[in-house]
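Written out below as structure tokens is the structure these notes cover.
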Amino acid sequence: MKKAYIKGISYYLPEKIVTNNDLVEEFPEWSAEKVASKIGVSERHIAAPGETSGDMAVSAARNLFLEYSVEPKEIDFVMLCTQSPDYFLPTTACTIQERLGIPVKSGAVDFNLGCSGFVYGLALAKGLIVSGVARNVLLLTSETYSKFIHPRDKSNRTIFGDAAAATLVSDSGFAEILEFALGTDGRGADRLTVQTGAMRHLSPKNDLSFDESGNPVSSDYLFMDGTEIFNFTLEMVPELVKETLDQNQVKQDDVNLFVFHQANKYMLNFLRKKIRIPEERFYYFLDKVGNTVSSTIPIAITAAIREGSIRAADRVLIAGFGVGYSWAGNILQFSEK
């Protein structure tokens, strides 16, 4: 049976940086230290007004091509995970194909997922490789949540940053993509949502109000029920980790590093303790980037490799979870060289 591997990962961060001190100037009731200690983020990158998810994905792909000496002509399938596409139609992945000079005989598709999107993307890309449909899949994750967030939404503005990542999935590489555990529960769809702008509610509702904490609530902007998202995560992620281990016939102690979706530091710490993962085997990387939705895991993997937290022959368990509700886990087996 054919196998699928990660052959390269790169990412792109927008130029503009918003620090905690910048936010405190707008929300003086908060302190930079409080945000950093609880959320785990000191700064986040924000896309420019005219900068789209497609633009960022193109930049991430070009970084990948440069860093790994990949030629666009080697790509035979482009996949873009985003919830903020450039257009309703055409498919943003199609415009990316043309901008990058990828052959016209390549496939191109967008798929709409949030924080589980990278792991789902690996599952889709592995299917293309194993079935023989493609040999080199360019998996792009790119999100501009900042464009959905109301300017007075201090909670979400502290958490989210914009970013894109590019991952080359191929029939050879440095990390084998092993077995998956996947899940969906659409009953939680309204807990993290932007209600208007698409076909269900095309026009703005203009129903802005403010809750008891002074946070804006509007169908026209990103809404996140933090309490319900937290409860969902605490319930589902431990089971996701167990299923991922079972699917791969691996014990928890045999995993060298756990790389979860970088939601926020408070949630990650709670999960780590509940699942009883030693701190030295649990990876954090959100201080300088924030929660970048579908790009948190590939960005964290890249950082872990660069700093030596992932070494040859390591097993790395990745887990994405969030909007949908949707969740996905996998184990990456890094090569011995």
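Points worth noting:
- Against the list (1) surrounded by fewer than 23 Cβ atoms within 10 Å (Cβ to Cβ); (2) of a type outside the set (D, E, K, R); (3) under 16 Å from residue 84 (Cβ atoms); (4) out of contact with any Phe, Trp or Tyr (no Cβ under 6 Å at 6 or more places or on another chain), the condition residue 161 fails is (1).
- Residue selected from region 1-21 under the condition polar (S, T, N, Q) and open to solvent by less than 80 Å² (accessible area, probe 1.4 Å), by the criterion modelled with the highest pLDDT: 10
- Qualifying positions in region 77-94 - part of a loop (DSSP other than H, G, I, E, B), open to solvent by less than 70 Å² (accessible area, probe 1.4 Å) and either within 25 Å of residue 15 (Cα to Cα) or among the acidic types (Asp, Glu) (or both): 82, 83, 84, 85, 86
- Residue that is surrounded by the most Cβ atoms within 10 Å (Cβ to Cβ), among those in region 138-158 that are modelled with pLDDT of 95 or more and closer than 28 Å to residue 238 by Cα: 142
- Residues being within 16 Å of the chain's Cα centre (by Cα) and either surrounded by fewer than 16 Cβ atoms within 10 Å (Cβ to Cβ) or small (Gly, Ala, Ser) (or both) - total across region 289-312: 6
- First in region 107-136 and among the basic types (Lys, Arg) and at pLDDT 95 or above, second anywhere and open to solvent by less than 30 Å² (accessible area, probe 1.4 Å) and not in a helix (DSSP H, G or I), Cβ under 6 Å, 6 or more apart: 126/4; 126/177
- Subset of region 22-38 [open to solvent by 100 Å² or more (accessible area, probe 1.4 Å) and under 18 Å from residue 286 (Cβ atoms)]: 33, 34, 38
- Residue 240 passes every criterion in (1) surrounded by 15 or more Cβ atoms within 10 Å (Cβ to Cβ); (2) outside any helix (DSSP H, G or I) apart from (2).
- Any chance residue 146 is in contact (Cβ under 8 Å) with a residue 60 or more places away in the chain and not in a strand (DSSP E or B): yes
- Boolean, residue 315 is open to solvent by 30 Å² or more (accessible area, probe 1.4 Å) and either at positive phi or touching a helix residue (DSSP H, G or I) at 6+ places or on another chain (Cβ under 8 Å) (or both): yes
- Matching residues in region 64-76 - criterion: being within 21 Å of residue 119 (Cα to Cα) and either part of a helix (DSSP H, G or I) or open to solvent by 40 Å² or more (accessible area, probe 1.4 Å) (or both): 64, 76
- Residue in region 219-226 that is among the charged types (D, E, K, R) and over 19 Å from residue 192 (Cα atoms) present: no
- Picking from residues in region 204-232 that are assigned to a loop (DSSP other than H, G, I, E, B) and of a type in the set (A, V, I, L, M), the one that is least open to solvent (accessible area, probe 1.4 Å) is 222.
- Leading residue by the ranking (most open to solvent (accessible area, probe 1.4 Å)) among those in region 273-288 that are within 27 Å of residue 18 (Cβ to Cβ) and charged (D, E, K, R): 288
- Of the residues screened, residue 210 is one that is touching a Pro at 6+ places or on another chain (Cβ under 9 Å) and more than 30 Å from residue 334 (Cβ to Cβ).
The values are calculated or read from the model by the stated rules, or taken from the named source; none is laboratory data. Since the structure is predicted, the reported quantities are computational estimates derived from the model, not experimental observations. Ideal geometry is used to build each Cβ from the backbone, glycine not excepted, and the neighbour counts take in all protein chains shown. Ligands, DNA and RNA are stripped out before the accessible areas are found, and what is left, the full protein with its side chains, is counted by its heavy atoms. Shrake-Rupley method; radii C 1.70, N 1.55, O 1.52, S 1.80 Å.
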